[in-house]
Amino acid sequence: MRRLIAASAVCFSLLFLSVPVLHAADGTAAEAHALLDRAAAEVKADKAKALSEFTKGENGFKDRDLYVFCIGPDGKFAAHPNPKLNGTDAKALKDSNGKAFAVEMITVAQDGKVAEVDYLFPRPGTTTPVPKSSYVTKVSDLVCGVGYYK
């Protein structure tokens, strides 16, 4: 009986102590902004190479829960590390409150300026939407962004 109680206590402790650690590894707003700045420079230098790196998450363009995505002039994802999203209509995406957040991203993005869009989106590996914010900018004919969880 003591072993069962001890084992339960250990499991309980690990469960509740690990939750903050998991979220402590999330990327920050400053890191997301810096990654977007790097991504914009990469697109300007070599657009095709940049889109390939963003899609594959190579060259540091995927870091923990931070990643670069780009939406083309047709409103479809030109680059996203989730292969299921590449080529799909970003404008059709809505959060759990019905907000068409990609439409807002496309609307507010401007060349040389960074805008921020708030919405709800599940953390990687989960299905429950939580507050997220993405920094977005227009680069060439693309809208590129990097989001972080709040």
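The values are calculated or read from the model by the stated rules, or taken from the named source; none is laboratory data. All figures in this text were calculated on a predicted structure; none of them were measured in a lab. Every residue, glycine as well, gets a Cβ built from its backbone with ideal geometry; the counts of neighbours run over all protein chains shown.
Summary table
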| quantity | calculated |
| --- | --- |
| Residue that is surrounded by the fewest Cβ atoms within 10 Å (Cβ to Cβ) [pool: residues in the stretch 119-137 that are under 12 Å from the mean Cα position of the chain (by Cα) and among the hydroxyl-bearing types (S, T, Y)] | S133 |
| Wholly enclosed strands (runs of 3 or more DSSP E) of the stretch 36-150 bearing at least 2 residues touching a Ser or Thr at 6+ places or on another chain (Cβ under 9 Å), of a type in the set (A, V, I, L, M, F, W, C) and closer than 22 Å to D26 by Cβ | 66-71, 115-122, 142-149 |
| Which listed residue is buried (at least 21 other Cβ atoms within 10 Å of the Cβ) and modelled with pLDDT of 95 or more, from G72, G87, G147, G98 | G147 |
| Filter result for the condition that a residue is β-branched (V, I, T) and modelled with pLDDT under 95, over T126, T137 | T126 |
| For A30: the one exception among (1) in a helix (DSSP H, G or I); (2) closer than 15 Å to K150 by Cβ; (3) in contact with a strand residue (DSSP E or B) (Cβ under 7 Å, 6 or more places away or on another chain) | (3) |
| Selection count where residues are closer than 23 Å to D141 by Cβ and without any contact (Cβ under 8 Å) to a residue 40 or more places away in the chain, scope the stretch 84-125 | 25 |
| Of all residues making up the stretch 51-68, the number that are among the aliphatic types (A, V, I, L, M) and more than 13 Å from the chain's Cα centre (by Cα) | 1 |
| Single residue of the stretch 103-137 satisfying the filter (β-branched (V, I, T) and in contact with a strand residue (DSSP E or B) (Cβ under 7 Å, 6 or more places away or on another chain)) that is farthest from A92 (Cα to Cα) | V114 |
| The stretch 69-78: number of residues that are free of Cβ contacts under 8 Å to residues at least 40 places away in the same chain and within 14 Å of the chain's Cα centre (by Cα) | 1 |
| Of the criteria (1) on the phi > 0 side of the Ramachandran plot; (2) in contact with a strand residue (DSSP E or B) (Cβ under 6 Å, 6 or more places away or on another chain), which one K99 fails | (1) |
| Top-ranked residue of the stretch 43-69 - restricted to ones that are basic (K, R) and exposed (fewer than 14 other Cβ atoms within 10 Å of the Cβ), ranked as farthest from S140 (Cα to Cα) | R64 |
